[in-house]
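What follows is a single structure, written as structure tokens, with notes after it.
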Amino acid sequence: MGTGGYEHVDRDRAGQAEAFDAIGDRYDEAFPHKEGQLAAGGWLTASLPAGSRVLDLGCGTGLPTARDLSAAGLQVTCVDLSAHMLELAGRNVPQARFLRADVADLAADGPLPHGGFAAVAAFFTLLMLPRPEIPLALRTVRDLLEPGGLLALGMVEADVDDAPIPFLGHTIRVSGYLRDELRHVVVDAGFEVIKEESYTYAPASTDVPPEEQLFLYCRRA
Ligand SMILES: C[S@@+](CC[C@H](N)C(=O)[O-])C[C@H]1O[C@@H](n2cnc3c(N)ncnc32)[C@H](O)[C@@H]1O
């Protein structure tokens, strides 16, 4: 099929990268506590031999995930749509590799080798996509993984599709699922869910409401 199913969706990114370009410097300040993300990243480092290739998809500033994966001896590739986020990640994790790309561009014949990664971390990245694209992105992640490869997925629990929300003085559009539906979507995309964790998260910034964060520890089925 070649285009990974994207021929059927209207890929609208208006404002998304621009918002993160503008927010970048304040992002880590606004989201200081990342227990769930640290635990899920720790699962990857504990599970993989040093030297394994790991993709941090929607890496943001690279903190803490790309930094910790890299410090554990893994070969980290950071991908993000926002040039400024990648620039910050480059400063925070200079030993990683960097690619400015949209997750949709990583489908078949994209710039990264399919089957080339032992693991993918995707923390709060796929929620930036409209719902019809989330299963496509998960399929792409599955294809990027080697057989048995691991996915650490972070999402916010919410029954919304492409909903505009205020975010650090900007408007971004987000999507999500309630947890049972999220599990179905992930399984349908070709993963086994090994473990699920949820955390109630209150960001430091007052214009971002508290949220329920879901972390799925998955393996390519
Ligand atoms: C909420 S932030 C999360 C950053 C980081 N993973 C973390 O947990 O701190 C979402 C990131 O995904 C990036 N992003 C948004 N849409 C994307 C897309 N279509 N493809 C790749 N990256 C995207 C944004 O630029 C931003 O850096």
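The values are calculated or read from the model by the stated rules, or taken from the named source; none is laboratory data. None of the values given here were measured: they were computed from a predicted structure. Counting neighbours? That spans all protein chains shown, and the Cβs are built from the backbone with ideal geometry, glycine included.
Of note:
- Condition met for Glu197 (touching a residue at least 40 places away in the same chain (Cβ under 8 Å) and surrounded by fewer than 17 Cβ atoms within 10 Å (Cβ to Cβ)): yes
- All positions within segment 46-63 that are more than 21 Å from Ala104 (Cα to Cα) and either surrounded by 19 or more Cβ atoms within 10 Å (Cβ to Cβ) or modelled with pLDDT under 90 (or both): Leu48, Ser52
- Checking each residue in segment 91-116 for being without any contact (Cβ under 8 Å) to a residue 60 or more places away in the chain, surrounded by fewer than 16 Cβ atoms within 10 Å (Cβ to Cβ) and small (Gly, Ala, Ser) picks out only Gly115.
- Scope segment 181-191; condition in a helix (DSSP H, G or I) and among the aliphatic types (A, V, I, L, M); matching residues: Leu182, Val185, Val186, Val187
- Some residue of segment 3-26 being surrounded by fewer than 19 Cβ atoms within 10 Å (Cβ to Cβ), under 29 Å from His170 (Cβ atoms), at pLDDT 95 or above and not hydroxyl-bearing (Ser, Thr, Tyr): no
- The one condition in (1) surrounded by fewer than 19 Cβ atoms within 10 Å (Cβ to Cβ); (2) among the aliphatic types (A, V, I, L, M); (3) part of a strand (DSSP E or B) that Ala204 fails to fulfil: (3)
- Hits in segment 64-81 - residues which are more than 12 Å from Ala119 (Cβ to Cβ) and crowded, with 24+ Cβ neighbours inside 10 Å: Ala66, Cys78, Val79, Asp80
- Filtered residue count, segment 13-58, keeping only those that are in contact with an Asp or Glu (Cβ under 8 Å, 6 or more places away or on another chain) and without any contact (Cβ under 8 Å) to a residue 60 or more places away in the chain: 3
- Any hit, segment 130-138, residues being aliphatic (A, V, I, L, M), more than 12 Å from the chain's Cα centre (by Cα) and more than 13 Å from the ligand (Cβ to nearest atom): no
- Within segment 162-180, considering residues that are out of contact with any strand residue (DSSP E or B) (no Cβ under 9 Å at 6 or more places or on another chain) and outside any strand (DSSP E or B), the one farthest from Val193 (Cα to Cα): Gly169
- A residue that is in a loop (DSSP other than H, G, I, E, B) and either free of Cβ contacts under 8 Å to residues at least 40 places away in the same chain or of a type in the set (Val, Ile, Thr) (or both) occurs nowhere in segment 132-153.
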